[in-house]
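Input: a single structure, listed below in structure tokens.
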Amino acid sequence: MSNVESQVKTAMQAALDHLKSELKTLRTGRANASILDKIHVEVYGSHMPLKTLAGINVPEPRQIVVTPFDHSSINAIAKAIEAANLGVNPMVDGKVIRINIPPMDESIRKQIAKQCKELGEKTKVTLRDIRRKFNELVRKQKSEGLIPEDQMKRAEKQIQESTDKFCKDVDATCAEKEKEIMTI
């Protein structure tokens, strides 16, 4: 039974970690190098993650500087950033790309906060799917005679408690990100 509990917690923690990585890519009012994490650049005949092609740093609160390792790929990187539709305009400045993060107006903030809520809801659906899968597993073990009914009930209760805990964690994580997005 403890094996099932640890599997449930591992699966739910993976879903929460995925949410956190997705939330990092959402734009806030401040410069954040994580918004470039999903960008892939077509260079050397293949699509490569931007992180492997350039150094990314944040020298000022509203600016990101991308320094390509190979300066011949600078235009391809700038085009990929522009094509990513992040609402920013990359500027090639010698051997670096400067990305100024414009202040967001209220409608953009609300739109990004809505994306944050949607990601949170998707994660909760994933958590409920994990709960359903493990509840079915425990019921199957009981029907096969591998565990008694009281142990099945205890396992279902533990699975529900884990689901509730992780749903609260998702809500807290999303609320924190929404606060960050709405802060001017």
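No lab work stands behind these numbers, since they all come straight from the coordinates. Keep in mind it's a predicted model, so treat the numbers as computed, not measured. Note: ideal-geometry Cβ built from the backbone for every residue, glycine included; neighbour counts use all protein chains shown.
Here are the numbers:
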quantity: Where Rh is the Kirkwood radius over Cα pairs, Rg/Rh for the chain; calculated: 1.15
quantity: Cα long-axis angle, helix 106-143 against the chain (0 to 90 degrees, to the nearest 10); calculated: 30
quantity: Likely footprinting exposure, Met12, Met104, fewest C-beta neighbours within 10 Å first; calculated: Met104, Met12
quantity: Cα coordinate range in the stretch 48-146, projected on the principal axes (Å, largest first); calculated: 71, 36, 23
quantity: Relative compactness, the stretch 33-100, computed as alpha-carbon Rg over 2.2 N^0.38 Å; calculated: 0.98
quantity: Point-charge dipole on Cβ atoms (K/R +1, D/E -1) for the stretch 108-184, about Cα centre, debye to 20; calculated: 200
quantity: Cα-centre dipole for the chain with unit charges at Cβ (Lys and Arg positive, Asp and Glu negative), debye to 20; calculated: 260
quantity: Debye, to nearest 20: dipole size of the stretch 33-100, +1 on Lys, Arg Cβ, -1 on Asp, Glu Cβ; calculated: 60
quantity: 0 to 90° range, to nearest 10: angle between helix 2-24 axis and the chain longest Cα axis; calculated: 20
quantity: Cα-based helix-to-principal-axis angle, 149-182 vs the chain, degrees rounded to 10; calculated: 20
quantity: Burial ordering of Asp37, Asp169, Asp150, Asp70, fewest other beta-carbon atoms within 10 Å first; calculated: Asp150, Asp70, Asp37, Asp169
